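Quick notes on the structure that follows.
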Amino acid sequence: MKVIEANKLPGLAAALAGAGYRVVAPIRDGGEVRMVVWSPGAAIDTRAIPVNSAKDFLFPKAEIIGRCTLDGNDFRPEDVKPVAPKTVILAARPCDASAMLLLDAVFNWDYKDEFFNARRAATTIVSLVCTTADEQCFCTSVGGAPDATAGADGVLRQADGGRSFILEPLTEKGKAVAAAAGAALAEGQAKADAPVEVPVHFDAKAVTEWLGENFESPLWREVSLACLSCGACAYACPTCHCFDLQDEATRAESVRLRNWDTCGLALFTAHAGGHNPRPDQAARWRQRVMHKFSYLVERLGRLGCTGCGRCARLCPAGMAICETCREIDEARKAAVK
Amino acid sequence: MLKQQFARRFLSICAAGLRTRRADWDRTGLMAETETKKVEATPAVFEPKIVAFVCNWCTYAGADLAGTSRLQYAPNVRIVKLPCTGRIDPLFILKAFEGGADAVLVSGCHPGDCHYTSGNYHARRRWAIFRRLLEFTGIDMRRVFFSWVSAAEGAKFADLINRITADVRAAGPFERTNPARRRLWK
Amino acid sequence: MEMIDALRADAAKVLADGRAKVVIGYQARGDHRAPLFVTTADRAASLVYDDACKQNLAVYLRKPEVKLLGKAAVVASPAAMRSLVLLMSESQLTGDDALVLAVGVGEYHGVLELAQVAPLLKEKYAALAPSPELLREIEKLAAKTPEERAAFWAKQFAKCTRCYACRAACPGCYCTRCIVEKNVPQWISTAAAGHGNYAWNVIRAFHLAGRCTGCGACEAACPQGIPLMLLNVLLGQEVEKEFETKAGYDPEAKPVIGSWNPEDEEDFIK
């Protein structure tokens, strides 16, 4: 059993960085914990749920996917290769790890996205069994669990009451990370701590069923009243994957960018002629819920929500997708009676 | 033989002429100059790029007067003419810095002289506040200039440009510390 | 009677006698506070109010779906009341568009008509000021070199994901099409990086110069924890110093940027 003392996690990060990995870990900076690239001296914090999700390192918020230059009168398109450094994401929450499976499916559903795939191939995910959760966590309602390992190449288990961690490789990539860690991991014995308990808030299958029949339900207007139209939820979400293509050109050079975009904003579906098929926030909030709990299930057989709760934690207007699903579940039960 | 030599010489003069014209044309274009990414050699004296947003009725006419009076002034300024200082959106300044300007000048009619009565008064308020914001977010105030130059003040315009150019030359290139700069997408 | 009981009683009363069709207030969801839209008197008991209520509910008065519910009575702190006055001065609200359930500092002022808000603010809350910590922070930053300030903001703006939660949370940001959405041409790069993030955050702050009422909803809304109030308060201070006015006290006030005075200071114009 590979064991590491809790206060030696930076040593593990250093060993992996030394072995050529870009190490991403939950780092505390001031009042908040974020998934960022580890650098010597950074404080790894496995207790708090990071503000951002691990998605950021596979599908960055802005990325160049094309480029062309103008030289004299010659217009020259240039081939842009993905930037995909060998990366290990340490202590990703299980909800972030399982989100990778959905992203894999989306980015390979029809068109094979070389940018995502190159980074995915170069990335090893070592998830962390959750021993802490908060009131916004609802992974158990969407088929996840605090100790789930879906999407992970290895798993860190907190042990001996938080004094140490057990690293358990699950795939070849995971084994390679364990090997690269070298002496940072010791052979030993430790007793894994029990994962935290996360209560089930709703029945996801029933929600999917209800959504199939209730596109026009008056409930949408009710549950979306507080929504103010921003992208806080989508950009914090480990599975949201919508983007906008923008060309930024100067005389000498122009780039084609892939920027995050979100169905929460009115401009997302605004047509050039002025018509907007999603005219109000009720339609946009419906889209968000439908996409995650109905369309993706129909197309890819997978929920678009892993229950991380970030959207609710960060929403400036107190919107919570878990709350909406619970209300849907209740509406369905009421209708059955 | 001579004829051939002459022909070759003539052609090379034409080509040189074309090259110069091309270079001249390039120099007039703000984007061309500010977006050039290859710098062959660092010139001994730093030549700042200054973008001047001026109004059509006073400062542009003042600049014109400087020209028709054959006044010499620093060639470091790229003039962008607008109907009125009231038309100058703060975004224009940001855009100039984004494109790599070392300094920005905004100039229009003296108070009371605005062609549209009050455009310069509106502008004055805007800049009083906006410059504080630029300063607070890290743009050095040695790189933002405001002036009033009337259509009769050709000499003032020439002096202004010379003074600004000297000041910005002393401040050095803004490239490295410019927070608004569009870094080349690498 | 406890403040919250008085608030609930008033909410129930305005709904029962039809003076308002919806009360926009706060509800508790664990440690979080979320907006609550109460349309029937019997649900008024779910309203809460405490220091955790950071959102400025005046923002909902512009939302079309909320407008469809009918006339609203909105729970407002002094900062949110200033937003209402700002909206009146900018012709976004008129006399009987809304009622106000006015929550003061340590006391409750009851149900007010919009016209009563400004007199109350002038009488009781004329000296509302940003926190001393915030002012110290601004001073500290202002004392640094431009390069240090640029580095400070580069680190902060790098976090920005361009979710526009700051804009969404602000009652003053009511444009139906924001400058960042003007895309012919795209004035402000939408890439959440470098120059786009700088331009967006600077222009957002500037568009609120002389208009920000200091409620802090933008900073509270920012999922990335960018200290936006440093910018807003700095501009508020400048406006107060240069033009001797504070946003949100006078429903007849002319906008600071958009009006002028021949005597305006111009020592920076050389």
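Only the coordinates and a few stated rules stand behind these numbers; no lab work does. All figures in this text were calculated on a predicted structure; none of them were measured in a lab. With ideal geometry, Cβ positions are generated from the backbone for all residues, glycine too; neighbour counts draw on all protein chains shown.
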Original post:
Which Cα, out of A:ALA99, A:LEU128, A:GLY72, lies furthest along the positive dipole direction of region A:71-148 (beta carbon charges, K/R +1, D/E -1)?
Top reply: A:LEU128
Original post:
What number comes out for the charge environment of A:ARG22, summing +1 per Lys or Arg and -1 per Asp or Glu over other residues with Cβ under 12 Å away?
Top reply: +2
Subject >> Relative contact order (%) - criterion: Cα under 8 Å, at least six apart; region: chain A >> reply: 21
**OP:** Restricting attention to chain A, give the cysteines that have no other cysteine Cβ less than 4.7 angstrom from their Cβ.
**Re:** A:CYS68, A:CYS130, A:CYS137, A:CYS139, A:CYS227, A:CYS230, A:CYS242, A:CYS263, A:CYS305, A:CYS315, A:CYS322, A:CYS325
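Evaluate the relative contact order of region C:11-155 (contact order divided by residue number), counting alpha-carbon pairs under 8 angstrom at least 6 apart; express in whole percent. Walk me through the intermediate numbers first.
Values: 187 pairs, mean separation 25.2, N = 145.
Relative contact order of region C:11-155: 17 percent.
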Original post:
So, with +1 on the Cβ of K and R and -1 on the Cβ of D and E, and no other charges, what is the size of the charge dipole of region C:132-243 about its Cα centre, to the nearest 20 debye?
Top reply: 340
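In chain A, what % of DSSP beta bridges are antiparallel (nearest 5)? Don't skip to the answer; put the middle values down first.
Working: 40 of 51 bridges.
Roughly 80 percent of the DSSP beta bridges within chain A come out antiparallel.
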Original post:
With each run of n ≥ 4 DSSP H residues scored as -39500 (n - 2.57), what mean residue ellipticity at 222 nm is computed for chain C after dividing by its residue count and rounding to the nearest 500 deg cm²/dmol?
Top reply: -11500 deg cm²/dmol
Original post:
What are the ³J(HN,Hα) values, in whole Hz, obtained from phi via the Karplus relation 6.51 cos²θ - 1.76 cosθ + 1.60 with θ = phi - 60°, for each residue of region C:185-192 in sequence order, with x given for Gly and Pro?
Top reply: x, 7, 5, 10, 3, 8, 5, 7
**OP:** Could you tell me, in Å, what Rg and Dmax come out for the Cα atoms of region C:3-124?
**Re:** 13.1, 38
**OP:** Using only Cα atoms, tell me the angle between helix C:194-207 and the longest principal axis of chain C; keep it within 0 to 90° and round to the nearest 10.
**Re:** 50
Original post:
Which cross-chain or sequence-distant (5 or more) residues have an amide H under 5 Å from the amide H of B:ARG78, H modelled 1.01 Å from N in plane?
Top reply: B:ILE50, B:VAL51, B:ALA52
Subject >> Under Karplus coefficients 6.51, -1.76 and 1.60, residue-wise ³J(HN,Hα) of region A:154-166 in Hz, glycine/proline x >> reply: x, 9, 9, 10, 5, 9, 6, x, x, 6, 8, 10, 9
Original post:
Here are some pairs, A:LYS61/C:LYS71; A:LYS175/C:LYS155; C:LYS140/C:LYS182; C:LYS63/C:LYS159; C:LYS144/C:LYS246; which of them have Cα atoms lying more than 30 Å apart in this structure?
Top reply: A:LYS61/C:LYS71; A:LYS175/C:LYS155; C:LYS140/C:LYS182
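Can you pull the semi-axes for region B:42-186, root of five times each eigenvalue of the Cα gyration tensor, sorted largest first, whole Å?
Numbers: eigenvalues 121, 77, 27 Å².
Equivalent-ellipsoid dimensions as semi-axes: 25, 20, 12 Å.
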Original post:
Could you give the angle, 0 to 90 degrees to the nearest 10, between helix C:114-124's Cα long axis and the longest principal axis of the Cα atoms of chain C?
Top reply: 70
Original post:
With point charges of +1 on the Cβ of Lys and Arg and -1 on the Cβ of Asp and Glu, referenced to the Cα centre of the protein assembly as shown, which listed residue (B:VAL106, A:ALA145, C:LEU86) lies farthest in the positive direction of the dipole?
Top reply: B:VAL106
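Using just the helices of chain A, give the 222 nm mean residue ellipticity in deg cm²/dmol: DSSP H runs with n ≥ 4 each add -39,500 (n - 2.57), and the total is spread over all residues, rounded to 500.
Mean residue ellipticity, 222 nm, calculated: -8500 deg cm²/dmol.
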Subject >> Shape category assigned to chain A from the gyration tensor of Cα positions, a/c cut at 1.5 >> reply: oblate
Subject >> Distant-in-sequence amide H partners of C:TYR164 (H built 1.01 Å from N, under 5 Å) >> reply: A:GLY231
Original post:
So, counting K/R as plus one and D/E as minus one, what does the shell of residues with Cβ under 11 Å around C:PHE37 add up to?
Top reply: +2
Original post:
Quick one: B:TYR73, A:TYR235, C:TYR108, A:TYR295, fewest Cβ neighbours within 10 Å first, how do they rank?
Top reply: A:TYR295, C:TYR108, B:TYR73, A:TYR235
**OP:** Using only Cα positions of region C:132-243, each an equal point scatterer, no hydration layer, compute I(q)/I(0) via Debye at q = 0.13, 0.15, 0.16, 0.22 Å⁻¹ and quote the log10 values to two decimals.
**Re:** -0.49, -0.66, -0.76, -1.40
Original post:
Listing C:GLU242, A:GLU197 from the residue with the fewest other Cβ atoms within 10 Å to the one with the most, what is the order?
Top reply: A:GLU197, C:GLU242
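Take the eigenvalues of the Cα gyration tensor for region C:31-96, scale each by 5, and report the square roots as semi-axes in whole Å, largest first.
Working: eigenvalues 87, 53, 19 Å².
Taking √(5λ) for each Cα gyration eigenvalue gives 21, 16, 10 Å.
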**OP:** Write down the percent of antiparallel bridges among all DSSP beta bridges whose residues are both part of the protein assembly as shown, to the nearest 5.
**Re:** 60
**OP:** Specify the angular offset, from 0 to 90 degrees and rounded to the nearest 10, of the alpha carbon long axis of helix C:146-158 from the longest principal axis of the alpha carbons in chain C.
**Re:** 50
**OP:** Evaluate the Debye formula for the protein assembly as shown with equal point scatterers sitting on the alpha carbons, no solvent, and hand back log10 of I(q)/I(0) at q = 0.07, 0.08 Å⁻¹, in q order, two decimals.
**Re:** -0.62, -0.79
